[in-house]
Amino acid sequence: MNLYEGMFLLDNQVVRADWKTAKNLVVDLIKKHGGEVVTVRRWDERKLAYPIRGRRRGTYLLTFFKAAPDAIAPTRHDFELEERVLRYLILRAEAVTDAEIELSKAELADGFTVPPPPQDDEVPASEEVVVQVEEPVAEAIEEVPAEANTEV
Amino acid sequence: MGEFSKSSRTPPPPIATRNCDDPKIDYKEITYLQKFLTPQAQILSRKRSGFCTQCQRQLKESIKRSRHMALLPFVN
């Protein structure tokens, strides 16, 4: 059994319905091929660098699991066929950090709730900030020639 | 002329030096990896990143993994 690190990009529609279902989607596929999940947690919900299958946002799930080397190829094949997983990345890992174990445990605690992902159509907060910053700059550039004209 | 145009004869200094004994560059450290991308999201050459062969290879692998996971863009 080797230790692997798996990162999965999940469709936000699945996450919006129920986080546990989304999580089990990945966990069950790993277990199906004899894998043993060490940690599993929500890594982040973020805007994608480029749209994938019409999705502009997605939720990342990070997991560390033990599996036999022979089991990785069929596991990959199953994730390839799974439409709710937009992207996956399975790498060999040397060790699971303590911080990772704690974060995974924190997610299993009773009070933990996953914030619902924002709508895809919404302009993300980061883009709004950029627009606000750019506007005053554009005005400032326009004002300069206007002042120059009045002086002349 | 190679890497730099005639107008800017002094090349920009390497962005970072890195201790090769540090833990490997991770594809999840997006803000760190972004420092080694041009505005068009190309990977900086070793000359400009200042990395040794092994570190540059780790950087390359990490950036490509991030791109696959849509954490970093292929093109801006």
Point to revise | Check on B:N76, modelled with pLDDT under 90, within 11 Å of another protein chain (Cβ to nearest Cβ) and part of a loop (DSSP other than H, G, I, E, B) | key: yes
Practice item. For residues that are within 14 Å of chain B (Cβ to nearest Cβ) and more than 17 Å from A:E82 (Cα to Cα), tally how many sit in the range A:5-38. Key: 1
Practice item. Working only within the range B:27-67, note down all residues that are surrounded by fewer than 16 Cβ atoms within 10 Å (Cβ to Cβ), more than 9 Å from the chain's Cα centre (by Cα) and within 11 Å of chain A (Cβ to nearest Cβ). Key: B:A41, B:E61, B:K64
Study note, to complete from the structure: Filtering the range A:43-84 down to residues that are open to solvent by 70 Å² or more (accessible area, probe 1.4 Å) and not in a loop (DSSP other than H, G, I, E, B) yields A:K47, A:P51, A:R56, A:K66, A:P69, A:D70, A:R76, A:H77, A:E80, A:L81
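Quick check, is A:L62 within 14 Å of another protein chain (Cβ to nearest Cβ), under 13 Å from the mean Cα position of the chain (by Cα) and under 24 Å from A:L108 (Cα atoms)? Quick ask: steps written out before the conclusion?
Values: within 14 Å of another protein chain (Cβ to nearest Cβ): yes; under 13 Å from the mean Cα position of the chain (by Cα): yes; under 24 Å from A:L108 (Cα atoms): yes.
Yes, satisfied.
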Practice item. Specify the residue that is most open to solvent (accessible area, probe 1.4 Å); the eligible residues are those in the range A:85-115 that are β-branched (V, I, T) and over 16 Å from A:R42 (Cβ atoms). Key: A:T97
Review point. Out of curiosity, is A:Y88 touching a Leu at 6+ places or on another chain (Cβ under 9 Å) and more than 19 Å from A:L108 (Cα to Cα)?
Key: yes
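The values are calculated or read from the model by the stated rules, or taken from the named source; none is laboratory data. All figures in this text were calculated on a predicted structure; none of them were measured in a lab. No Cβ is skipped: glycine too gets one built from the backbone with ideal geometry, and neighbour counts run over all protein chains shown. Please note that ligands, DNA and RNA were not included when accessible areas were found on the heavy atoms of the full protein model with its side chains. Shrake-Rupley method; radii C 1.70, N 1.55, O 1.52, S 1.80 Å.
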